[in-house]
Amino acid sequence: MIRSVRPRRRHRPPRGGQRQAVLLSPVLVTVLISGIAFSTPREIAFSRLLPAAPALAAAVWPVLPTVLLGASCLLIMIGLSFVYPDLGTPYTVAAIAAVTLAAAYASHLRLQREETLFQVRLVADAAQKVLLRPLPHRLHDIEIESLYRAAQEQARIGGDFYEVADTPYGVRLLIGDVRGKGLSAVGAAAAVINCFRENAHDQPDLRSLVRRLQITMSRYSAAIPAADEPEHFATALIAEIPNGGGHVRILNCGHPPPVFVRSGQIDVLEPTRPSTPLNLSGLLGDHYHVDTVAFSPGDQMLLYTDGVTETRDRTGEFFPLPDWVRRHDAAPPRELLDELHADLLRYGGGRLDDDVAALAVRCRPHPPGGGAGPAGAGVRQ
């Protein structure tokens, strides 16, 4: 079933950032306290605030600059003692020395943790390249671009997944979403992706391919602790664009429906009959149905996970994806996904609460003077 939608207004994302001011803040604090201490009467004793400077430096500077700043504060305090002899200099000097030593140790620990986090991110990046390896930008006459953003930014990878395979049966695409998000869903997503990579070239039709994914998901779920087992079911959508094009076959296992762009018209392809999500065949039965729709030169298809459509604004309203696509119906795949990511961040107030994955797939238009393929509505197979 295909339904059409209408457009809405557009917004722009904000910008920001002042890292240099943060790095200079310990120096600014030192200069400010010193200037006030030299220019105010002895009774006010602003010099007692000097230990705050090395304490602040520990949060943003390495060990040696932190120690040097502490030493500078000591010299400033000694200089003040010549101007105001009765400042309690020994006590303030002792405080500066103690705080500087503690700040140096704190800076050392911070740098160790930053190095550990850096190494963890390197591992996460490597894992992401294995699980969500870069997709080819073009297969035959099909252009493909991808978008992936994990809700847990430090993790870099989560429960959303996608893959593309150039098979004897045509270009096959997979996109899906494991229940849950972040690292808890990565294992299940990896199992599904690897199964697709192994079977996409060998299974003759989409139903046999999705049954292999079901078996893999069930085996993975059975192999994990019982407490985590309910987390491991997934929605998935498999699309097949046969060699020669003209149409696309779609098997949708409980996944958000794809959005098609055809000559400025926006269509949302709801499945004619529901198919069983992965790892739920024991509860819902083994039911799979394929829809076939026209996919002619110039047509574009957007596949996505529910992290896109479930992004909310400050009023709690969901992101209006079909209306948004209508405003960008002329954008090529890469530009479309870049704009989508920027507008999702803006719409969600600068952050994403769920993993986001999307594939933009376009059938390359014929060169000027070339023929055009047929256009049509959905057909149930």
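The values are calculated or read from the model by the stated rules, or taken from the named source; none is laboratory data. Just so we're clear, the structure is a prediction, and the values are computed from it rather than from any experiment. Cβ coordinates were reconstructed from backbone atoms using ideal geometry, including for glycine residues, and neighbour counts include every protein chain displayed.
Overview of results
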| read-out | value |
| --- | --- |
| Condition broken by Pro277, with the remaining ones in (1) in contact with an Asp or Glu (Cβ under 9 Å, 6 or more places away or on another chain); (2) surrounded by 20 or more Cβ atoms within 10 Å (Cβ to Cβ); (3) within 23 Å of Arg212 (Cβ to Cβ) satisfied | (1) |
| Cross-chain or 6+ apart pairs with Cβ under 7 Å, segment 111-128 first and assigned to a helix (DSSP H, G or I), then among the β-branched types (Val, Ile, Thr) and surrounded by 10 or more Cβ atoms within 10 Å (Cβ to Cβ) | Ala124/Ile157; Ala127/Ile157; Gln128/Ile157 |
| Flag if Ile250 is out of contact with any Pro (no Cβ under 6 Å at 6 or more places or on another chain), under 30 Å from Pro297 (Cβ atoms) and either part of a helix (DSSP H, G or I) or among the hydrophobic types (A, V, I, L, M, F, W, C) (or both) | yes |
| Selection within segment 282-304 - among the hydroxyl-bearing types (Ser, Thr, Tyr) and crowded, with 20+ Cβ neighbours inside 10 Å | Tyr288, Tyr304 |
| Output for segment 271-311, where each listed residue is among the acidic types (Asp, Glu) and under 26 Å from Gly158 (Cα atoms) | Asp306, Glu310 |
| Flag if Arg334 is over 16 Å from Gly349 (Cβ atoms), in the same structural domain as Val356 (by TED's automatic domain parsing) and either outside any loop (DSSP other than H, G, I, E, B) or among the basic types (Lys, Arg) (or both) | yes |
| Which listed residue, of Ile76, Ile33, is surrounded by 13 or more Cβ atoms within 10 Å (Cβ to Cβ), under 30 Å from Glu114 (Cβ atoms) and in contact with a Phe, Trp or Tyr (Cβ under 8 Å, 6 or more places away or on another chain) | Ile33 |
| Residue in segment 305-319 that is part of a helix (DSSP H, G or I) and surrounded by 21 or more Cβ atoms within 10 Å (Cβ to Cβ) present | yes |
| Checklist (1) at pLDDT below 90; (2) surrounded by 15 or more Cβ atoms within 10 Å (Cβ to Cβ) applied to Asp141, failing item | (1) |
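One line per residue, one yes/no per condition, for (1) modelled with pLDDT under 90; (2) assigned to a loop (DSSP other than H, G, I, E, B); (3) out of contact with any Cys (no Cβ under 7 Å at 6 or more places or on another chain); (4) of a type outside the set (Ser, Thr, Tyr):
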{"site": "Thr272", "(1), (2), (3), (4)": "no, yes, yes, no"}
{"site": "Asp291", "(1), (2), (3), (4)": "no, no, yes, yes"}
{"site": "Leu302", "(1), (2), (3), (4)": "no, no, yes, yes"}
{"site": "Arg351", "(1), (2), (3), (4)": "yes, yes, yes, yes"}
